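These notes are about the structure you will find just below.
Rule-based calculations on the coordinates, nothing more; no lab input. Here the structure is a predicted model, which means the values were calculated and not measured. Please note: Cβ atoms are built from the backbone with ideal geometry, for glycine as well, and neighbour counts cover all protein chains shown.
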Amino acid sequence: MRSLYCGDLNETHLDQQVSVCGWVHRRRDHGGVIFLDLRDRNGIIQVVVDPDTPEAFATADQCRSEYVLQVQGRVRLRPEGTENANMPTGKVELLGKQVTLLNTSETPPFQLDEFANVGEDVRLKYRFVDLRRPEMQEKLRFRSKVTHKIRNYLEEQGFLDIETPILTRATPEGARDYLVPSRTHEGCFFALPQSPQLFKQLLMVAGFDRYYQIAKCFRDEDLRADRQPEFTQIDLEASFVDEEDIMGIAEGMARELFQALKGVDLGQFPRLPYAQAMSRFGSDKPDLRIPLELVDVDDLMAQVDFKVFSGPAKDPKGRVAALKVPQGAHLSRKQIDDYTKFVGIYGAKGLAWIKVNERAKGLEGLQSPIVKFMEAVIEPLLERLDAQDGDIIFFGADQAKIVNEALGALRCKLGEDLNLYTCDWAPLWVVDFPMFEEDKDGRLSALHHPFTAPSCSAQALEAEPAQALSRAYDMVLNGVELGGGSIRIHDQQMQAAVFRILGIDAQEQQEKFGFLLDALKLGAPPHGGLAFGLDRLVMLMTGARSIREVIAFPKTQSAACVLTDAPGEVNNQQLKDLHIRLRAKAQVEG
């Protein structure tokens with residue numbers, strides 16, 4: 001039916017008789033000659049049908065947007081002056097001799113050209129139409145190229161593609177599981193995997209040495225632009241390796257992808273300890289394209305009478321930090337108020353600021369509602385920040401976590417709003433993460449997951465767990481965490497120690513992780529790995545604003561599929577087969 005794709009036609013096909021198939025992108029009638037822009041997954045070709053072929057002309061005359069056609073004809077050059085330099089096929093056209101209508105189409109719910117402006121909810125409802133748009137076709141074609149390159153790279157590195165189960169048991173990995181009731185085991189549930197973590201570790205114990213998988217994973221969590229309830233991981237694990245081995249493999253893969261598909265040399269990947277990342281950038285995934293940094297001023301603010309600053313400065317869990325924006329004093333009061341509302345999203349109670357108009361004039365050269373509270377420390381403050389005329393300084397004062405999140409986010413927003421980027425791509429590794437983090441009640445939880453190896457002995461870990469560092473590493477690009485991993489615990493005693501610190505007693509350890517602990521007793525090799533978020537990676541590489549733009553059939557931000565109207569109710573017989581009874585919905589008072 002088809003000899004070539006529409007988008008593949010070019011000058012090498014001149015005077016050839018070809019057959020193409022596709023959808024009518026546009027139809028134009030120019031004085032008795034009909035022009036059809038015919039579109040398939042590879043692009044668009046202009047088809048010309050004239051009255052010399054009456055049957056073809058009659059069919060072309062009845063065609064409308066999104067009709068499905070087969071066109072047979074001769075490839076020829078476009079007349080001089082009518083070439084389209086914006087199209088790969090823009091120098092040629094197809095003189096249609098036979099036009100076959102394969103199917104009609106109702107008027108589509110929205111235009112499919114680049115000028116269409118339609119809400120995402122409508123696009124997702126009619127995703128099968130939305131995916132016809134050249135922009136979407138190109139993104140999914142690009143995604144396919146990425147996975148192809150990844151497979152080739154990892155297999156050249158000796159990795160084996162091995163699938164792991166989708167139906168497994170619930171394990172604590174930081175998010176809620178999607179549960180699947182069992183028909184054959186009454187009252188029991190499978191869980192969809194948040195990652196293949198434990199199975200890939202078992203593959204290392206089994207001696208497969210190097211494993212990879214492009215795996216579907218599921219997490220029942222609150223959604224953002226870069227989150228989905230089901231997502232795709234590039235998952236890998238290797239035995240007899242250390243941190244540098246795994247990071248070297250992952251770094252090589254990223255470099256090869258960007259060089260081959262974007263023509264970009266990512267250059268060196270600097271290493272940044274977690275503590276420095278939080279201190280300097282307020283984030284464990286800093287965007288190094290932005291030259292702004294947070295500066296600690298706790299020691300200075302502890303001296304002032306202004307309790308908004310002195311309180312957090314004297315609190316062991318508090319922080320007072322400053323963020324200088326060179327030549328940012330032009331920001332209006334409205335802009336500053338908007339930034340104040342923005343940091344409020346992250347729990348900040350306000351956003352103090354100082355404009356440095358003329359530093360040589362001392363206090364008179366500064367503009368701020370808080371300067372009067374800071375007279376004693378203003379000069380050493382300006383000196384520490386190397387403040388110059390025309391700068392603005394923002395302050396965060398609160399619990400360290402709130403200050404980091406608020407000023408870290410503000411730093412990124414200022415970088416975007418003021419176009420402060422110094423380069424296009426800025427990769428790095430964040431290393432030396434803490435093993436554990438403390439919640440508001442003082443309980444410890446694993447910062448990554450409980451199978452991450454610590455940098456110290458089991459005795460030192462149990463003696464001072466809050467001070468222990470892990471052998472974890474995250475790859476970050478332009479402020480986005482592309483992938484994270486660690487060297488794993490391969491010693492059963494160390495794994496049991498971590499579980500104890502997390503409050504998982506021996507009985508619960510055996511109940512939930514007995515199969516892993518048994519495996520670690522039977523010759524588990526040193527091993528480690530990493531998982532990339534494929535959706536995030538493709539989002540970055542294509543310049544998309546959301547991972548929904550690079551997934552064929554994504555869910556909405558409420559974890560629903562408006563295309564298939566899922567999740568949906570099931571009938572009573574299905575529930576009965578699964579030994580499930582639904583509670584009656586609460587009656588609405590009224």
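Along the charge dipole of the stretch 126-262, Cβ charges K/R +1 and D/E -1, which of 128, 194, 232 sits furthest on the positive end? Of 128, 194, 232, it is 128. Backbone amide hydrogens, once placed in the peptide plane, bring residue 271 within less than 5 Å of 429, excluding anything fewer than 5 places away on its chain.
Taking square-rooted eigenvalues a ≥ b ≥ c of the alpha carbon gyration tensor, is the stretch 6-103 rounded, prolate or oblate, where a/c under 1.5 means rounded and, failing that, a/b exceeding b/c means prolate? Note, shape of the stretch 6-103 comes out rounded.
Working note: Karplus 6.51/-1.76/1.60 with θ = phi - 60° gives the stretch 364-371 the couplings 5, x, 10, 10, 4, x, 10, 4 Hz, where Gly and Pro are set to x. Amide hydrogen proximity for residue 329: with H placed 1.01 Å from N in the peptide plane, the residues at 5 or more positions away or on another chain lying under 5 Å are 391, 392. Residues whose amide H lies under 5 Å from that of residue 191, counting only those 5 or more places away or on a different chain, are 168, 169, 170, 180; hydrogens are built 1.01 Å from N in the peptide plane.
Our coupling estimate for the stretch 96-112, obtained by passing each phi through the Karplus curve with A = 6.51, B = -1.76, C = 1.60 and θ = phi - 60°, is x, 9, 9, 10, 10, 7, 8, 6, 8, 8, 5, 4, x, x, 7, 5, 9 Hz, Gly and Pro reported as x.
Oblate is the label for the stretch 132-217, because a/c, from the alpha-carbon gyration tensor with a ≥ b ≥ c as root eigenvalues, is 1.5 or above and a/b does not exceed b/c. Among the GluC sites (Glu not before Pro) in the stretch 160-209, those placed in a DSSP loop whose Cβ has at most 15 other Cβ atoms within 10 Å are 163, 186. Residues 494, 541, ranked from the fewest to the most other C-beta atoms within 10 Å, line up as 494, 541. Place +1 on the Cβ of every Lys and Arg and -1 on the Cβ of every Asp and Glu in the stretch 3-129, take the dipole about the Cα centre, and give the residue among 58, 45, 117 whose Cα lies farthest towards its positive end. Going by the Cα projections, it comes out as 117.
Applying the criteria of a DSSP loop state and at most 12 other Cβ atoms within 10 Å to the GluC sites (Glu not before Pro) of the stretch 1-101 yields 80. Exposed loop sites were defined as chymotrypsin sites (Phe, Trp or Tyr not before Pro) in DSSP loop states (anything but H, G, I, E or B) carrying at most 12 other C-beta atoms within 10 Å; in the chain the longest segment without such a site runs 241-590.
Here the dipole of the chain is about 1120 debye; that uses its Cα centre as origin and unit charges on the Cβ of Lys and Arg (positive) and Asp and Glu (negative).
Selection among 353, 371, 406 by position relative to the dipole of the stretch 350-414 gives 406 as farthest towards the positive end (Cβ unit charges, Cα centre).
With the cut-off at 19 Å, tell me which of the pairs 349/401; 139/200; 334/401 have Cα atoms farther apart than that. Table pairs above 19 Å Cα-Cα are 139/200; 334/401. Only helices enter this figure: runs of n ≥ 4 DSSP H residues, each worth -39500 (n - 2.57), summed and divided by the residues of the chain, yield -9000 deg cm²/dmol at 222 nm to the nearest 500. For the stretch 545-582, trypsin sites (Lys or Arg not before Pro) are listed when DSSP marks them as loop and at most 15 other Cβ atoms sit within 10 Å of their Cβ; the list is 545, 581. For the stretch 467-480, putting each phi into the Karplus relation 6.51 cos²θ - 1.76 cosθ + 1.60 with θ = phi - 60° gives couplings of 9, 6, 9, 10, 9, 9, 8, 10, 8, 10, 9, 6, x, 10 Hz, in residue order, rounded to whole numbers and with x for Gly and Pro. Taking other C-beta atoms within 10 angstrom as a stand-in for reagent exposure, 445, 558, 310 fall in the order 558, 445, 310, fewest first. A Cα-only calculation for the chain places Rg and Dmax at 29.9, 92 Å.
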